[in-house]
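> Supplied in structure tokens, the structure appears directly below.
The values are calculated or read from the model by the stated rules, or taken from the named source; none is laboratory data. Quantities reported herein were computed from a predicted structural model and do not represent experimental measurements. Here the Cβ positions follow ideal geometry from the backbone for every residue, glycine too, while neighbour counts run over all protein chains shown. Side chains are part of the model used for accessible areas, which takes the heavy atoms of the whole protein and leaves out ligands, DNA and RNA. Shrake-Rupley method; radii C 1.70, N 1.55, O 1.52, S 1.80 Å.
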Amino acid sequence: MIMIKIGVIFGGRSGEHEVSLMSAASVINALDKTKYKPVFFGITKEGRWKHFEGSTSEIENGQWERTAKDFNPGRLKELVDFALPILHGPYGEDGTIQGLFEMIDIPYAGCGVLASAVAMDKAIAKDIFSKAGLPICKHALSYVEDFTNAQGKADENLMEAEAVKIEEKVPYPMFVKPANMGSSVGITKAKNREGLYKALAEAAKYDRRIVIEEGINCRELETGVIGNHNPKAATVGEILPSAEFYDYKAKYFDGGQSKICVPADIPEDIKEQIRDIAVRAYMAIDCAGFSRVDFFLDKNTNKVYINEINTIPGFTKFSMFSKLWEEAGVPYSQLIERIVDFGYERYHAKNNR
């Protein structure tokens, strides 16, 4: 049997660097070594590519950089047959690295440039979801330049004017988040004007475009979608956060207090509605390979709202995406294999017209 050399790419310049290391180590350990030969490529927080030949434990604990050697990503196709990016957030999940793969003409896992870029930008994604007739919550878009002076410092008068504009569109409480970030990095819940000022300042650390969303009294639900032209949705799971909402700390560093409930304890008709919307949203932005789609379920009305699509979701064996598919009958190692197959399918379809 010919071994497929899989280039597993991890790390990256985003605020989700450490999450990527955990996901990548888990994926590498689960790869069927009779079919795939994993080759490791790490990207430092400064954006330097390195070829690493050590253990997955060193990837997970962040020690991989000590022995890794500098690497020119333009040579990627010389060393591997297929690229498997396990990169979360900007510079990995936003279409940039997908553009590199397209330029060097190598098959890769997951969404292409367009879907990756659209899904990462929460404001653009909401516009497309709305045009596709999918339910979204009230929201507004703010630019850092609208409330800062020429030196990039918050201006009191401009901030007040911006807050008034936001309040006309979105009621309190509201969630303020960077338009291009994942894993709940930079998200704050604002309950009043003073809280909004602080939330805008926090989000501005990560992006110049800021999305403000209505804070719904809701349950947080998710499903996983895999496939290319005929995608399928997994079962539906629920997040039970340890904090007031599922922020970055609650997701990864709360000592296991946040819980994942798979399957979610909700009526079957709501599960089917979520799965249907997930597939429609996936198709609306031209996703491929795999994604996780997140939802809100209003506790008062039982109305479903689509929140966002994550094109490279957390991917450890215990992550929501993996557990959703395990519940649907697709074990972790088989899920990875399917994702690789979808990548090859997409590559061959594009290059054999």
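> DSSP loop trypsin sites (Lys or Arg not before Pro) in the stretch 273-322 with at most 16 other Cβ atoms within 10 Å of their Cβ, which ones? The partial results should precede the final answer.
Details: sites: R275, R280, R292, K299, K303, K317; in loops: K299, K303, K317.
When the trypsin sites (Lys or Arg not before Pro) of the stretch 273-322 are filtered for loop state and at most 16 Cβ neighbours within 10 Å, K299, K303, K317 remain.
> If you don't mind, there's one more thing I want to ask. Thinking of the stretch 259-353 as a set of Cα atoms, what percent of all their pairs are more than 20 Å apart?
On the way: 1982 of 4465 pairs.
Across the stretch 259-353, Cα pairs with separations above 20 Å total 44 percent.
> With r defined as the distance between the Cβ atoms of N300 and K232 and R0 fixed at 22 Å, what FRET efficiency is calculated, to the nearest 0.05?
On the way: r = 31 Å, r/R0 = 1.42.
So the FRET efficiency works out to roughly 0.10.
> Using DSSP to call loops (not H, G, I, E or B), can you name the trypsin sites (Lys or Arg not before Pro) in the stretch 140-244 whose Cβ has at most 13 other Cβ atoms within 10 angstrom? Before the final figure, lay out the partial values.
Details: sites: K153, K165, K169, K189, K191, R193, K198, K205, R208, R209, R219, K232; in loops: K153, K191, K205, R208.
Within the stretch 140-244, the qualifying trypsin sites (Lys or Arg not before Pro) (loop, at most 13 other Cβ atoms within 10 Å) are K153, K191, K205.
> Could you please state, rounded to a whole Å, how far the C-alpha centre of the stretch 1-80 is from the C-alpha centre of the stretch 281-299?
If we compute the Cα centre of each part, the gap is 27 Å.
> Which value, in debye to the nearest 20, gives the size of the charge dipole of the stretch 4-108 about its Cα centre, when Lys and Arg are +1 and Asp and Glu are -1 at the Cβ? Please report the intermediate quantities before stating the final value.
On the way: 12 positive and 15 negative charges, 66 e Å.
The dipole magnitude comes to about 320 debye.
> Indicate, rounded to the nearest 5 percent, the antiparallel portion of the DSSP beta bridges found entirely in the stretch 1-127.
Working: 6 of 19 bridges.
Looking only at bridges with both residues in the stretch 1-127, the antiparallel portion is about 30 percent.
> Another question, if that's okay. With a cut-off of 8 Å between alpha carbons and a minimum separation of six or more residues, what is the relative contact order of the chain in percent? Intermediate values should be presented prior to the final figure.
Working: 761 pairs, mean separation 62.0, N = 353.
18 percent.
> Would you mind getting the accessible area per residue of the chain, heavy atoms of the protein chains only, 1.4 Å probe, in Å²? Before the final figure, lay out the partial values.
Values: 15620 Å² over 353 residues.
For the chain, the solvent-accessible area averages 44 Å² per residue.
> Using +1 at the Cβ of each Lys and Arg and -1 at the Cβ of each Asp and Glu in the chain, identify which of Y143, S14, Y206 lies farthest towards the dipole's positive end.
Positive-most Cα among the choices belongs to S14.
> On to the next question. Identify, among V80, F321, T96, the residue whose Cα sits farthest towards the positive end of the charge dipole of the chain, taking +1 on the Cβ of Lys and Arg and -1 on the Cβ of Asp and Glu, with the dipole about the Cα centre.
V80
> How much of the accessible area of the chain, in percent, comes from carbon and sulfur atoms when a 1.4 Å probe is used? List each step's numbers first, then the result.
Details: 7630 of 15620 Å².
Carbon-and-sulfur percentage of accessible area, whole number: 49.
> Under 20 °C and 1.002 mPa s, how fast does the stretch 4-108 diffuse according to Stokes-Einstein, given a Kirkwood radius computed over C-alpha pairs? Answer in µm²/s, whole number.
For these conditions, the coefficient is 160 µm²/s.
> Let me ask you something else. What is the magnitude of the charge dipole of the stretch 86-196 about its Cα centre, with +1 placed on the Cβ of each Lys and Arg, -1 on the Cβ of each Asp and Glu, and no other charges, expressed in debye to the nearest 20?
Working: 11 positive and 15 negative charges, 101 e Å.
Rounded to the nearest 20 debye, it is 480 debye.
> Here's another thing I want to ask about it. Residues with beta-carbon under 14 Å from that of Y108, excluding Y108: net charge, scoring Lys, Arg +1 and Asp, Glu -1?
Numbers: positive: K5, K77, R346, K350; negative: D81, E93, E102, D105, D341, E345.
So the environment of Y108 carries a net charge of -2.
> Two decimals, Cα atoms only, Kirkwood Rh: what is Rg/Rh over the stretch 138-214?
Details: Rg = 11.0 Å, Rh = 12.0 Å.
Taking Rh as the inverse mean 1/r over Cα pairs, Rg/Rh reads 0.92.
> Now for a separate question. I need the GluC sites (Glu not before Pro) found in the stretch 1-87, filtered to DSSP loop residues with at most 12 other beta carbons within 10 Å of theirs. Let's see the in-between values first.
Numbers: sites: E16, E18, E46, E53, E58, E60, E65, E78; in loops: E16, E46, E53.
Those satisfying the criteria are E46, E53.
> Right, something else. Taking the Cα atoms of the chain alone, what are Rg (to one decimal) and Dmax (as a whole number) in Å?
20.2, 68
> Would you work out the Kirkwood radius for the stretch 46-116? I mean one over the mean of 1/r across all pairs of different Cα atoms, in Å. The partial results should precede the final answer.
Working: mean 1/r = 0.0757 Å⁻¹.
One over the average 1/r among Cα pairs gives 13.2 Å for the stretch 46-116.
> Which whole-number percentage describes the relative contact order of the stretch 4-108, with Cα contacts under 8 Å and a sequence gap of 6 or more?
36 percent
> R219: net charge of surrounding residues, Cβ under 10 Å, Lys/Arg +1, Asp/Glu -1, itself excluded? The partial results should precede the final answer.
Values: positive: K299; negative: E220, E238, D265, D298.
Result for the local shell: -3.
> Also: If each DSSP helix of 4+ residues adds -39,500 (n - 2.57) and the sum is divided by the residues in the chain, what number results at 222 nm, nearest 500 deg cm²/dmol?
On the way: 12 runs with 125 residues, N = 353.
Result for the chain: -10500 deg cm²/dmol, rounded to the nearest 500.
> A further question follows. Quote the charge dipole size of the stretch 138-214 about the Cα centre in Debye, to the nearest 20; the model charges only the Cβ of Lys and Arg (+1) and of Asp and Glu (-1).
The calculated dipole for the stretch 138-214 is roughly 280 debye.
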